[in-house]
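Remarks on the structure that follows.
Every read-out reported here was derived from the displayed coordinates using simple, explicitly stated rules and does not represent laboratory data. All figures in this text were calculated on a predicted structure; none of them were measured in a lab. With ideal geometry, Cβ positions are generated from the backbone for all residues, glycine too; neighbour counts draw on all protein chains shown.
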Amino acid sequence: MSDTVLSRPPAALTPAEREWQRHTPLQRVLRFTVWLVIALAVVQSLRYIEIIPEFLYDAPEQMSDMLSRMWPVDWEYFGTDVKAGLIETLHIATLGTLLSIVLAIPFGLLVAPNLTRNRALNLFARIVLVASRSVNSLVWALLFLAIFGPGPLAGTLAIAFRSIGFVGKMAGETIEQMPRGPIEALQASGASKFSEIWYGYWPQLKPAFMSIVLLRWDINVRESAVLGIVGAGGVGMVLDTALNLFQWPRVATVLVSIFAIVIVTEVVVTQIRKRIL
């Protein structure tokens, strides 16, 4: 993009006639086209989501009514069902994250072209990682519910298969950006492929990989908290039951508990990254 463009050739202009422009005519047309497409997309989106003005007008009143139904919070409900649901949620997130690590490491190694010099394997690993990230955890949960039935097993597998793409992609990108010096030294000494990975790549990958795993576990705690809404175990099932029975004080208890556990995991992950990594 040129900073200044003359509307006519400089030789044909006097100093008083020169007109300074920021964009060329083609650039102005392209910018106008982009903004026009964005405006049309917004208009079409508003048409298809069918916003009803009457519902917007009384939304504050409905929100106030719902909050009044949730107060006071039923704290006694925490010790009966919510506590067990939160523990199950943490188990689902932890086991799902560990399983995703085992499954993601091979694809992370295969997707890095500087480590795996086979385009077919690179493409295959990239397709698997993209497929994992493109399917939402709730959709994965529904698929595994159809296979294993309702319960935490479906939730654990949903978290694991959703996390493969994230962990594998981040690990592969980290490997691609590694300096070649230590690797070339191992290759020159005749080291095996395993020794090259273990002594050359892993020491450089380890800090970033541990940070990726902690970040993914934090995300998985949040995602596993809602998987129970479709029957995949955890505190989401407790929330779904309370919603279906219109037990609003218990709904408030579950929501506050989910918010608290998310804050706690965020603090724990942040402290681990600061003190250990």
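List of remarks:
- All Cα pairs of the range 91-223, percent lying beyond 24 Å: 34 percent
- Sorted largest first, the principal axis extents computed over the alpha-carbon atoms of the range 121-177 equal 42, 17, 15 Å.
- Alpha carbon centroid spacing (whole Å) that separates the range 179-204 from the range 215-277: 42 Å
- Within the chain, helix-based [θ] at 222 nm, where runs of 4 or more DSSP H residues each add -39,500 (n - 2.57), nearest 500: -24000 deg cm²/dmol
- Residues listed by number, the range 102-130, amide nitrogen under 19 Å from Gln204 label point at 7 Å toward C-beta: 105-118
- Partner lysines whose Cα lies under 26 Å from the Cα of Lys169, excluding those fewer than 8 positions away in the same chain, are identified as Lys193, Lys206, Lys274.
- By the combined test of axial Cα extent (at least 24 Å) and Kyte-Doolittle hydropathy (mean at least 0.0), the qualifying DSSP H helices of the chain come to 25-48, 83-111, 152-176, 202-227, 248-275.
- Over the C-alpha atoms of the range 161-277, the Rg to Rh ratio, Rh being the Kirkwood estimate, stands at 1.21.
- Percent of Cα pairs in the chain per distance bin of 5 Å, from zero to the largest separation: 1, 5, 9, 10, 10, 10, 10, 10, 9, 7, 6, 5, 4, 2, 1, 1, 0, 0.
- Rounded, prolate or oblate (a/c below 1.5 giving rounded, otherwise prolate when a/b exceeds b/c) for the range 183-249 by Cα gyration tensor: prolate
- Projected-area average for the range 33-100 over all orientations - Cα convex hull basis, square nanometres: 9.7 nm²
- When restricted to Cα atoms, the range 79-148 yields an Rg and a Dmax of 16.5, 55 Å, respectively.
- Site-free segments of the chain were taken between GluC sites (Glu not before Pro) in DSSP loops having at most 14 other Cβ atoms within 10 Å, sites themselves excluded; the longest one is 51-277.
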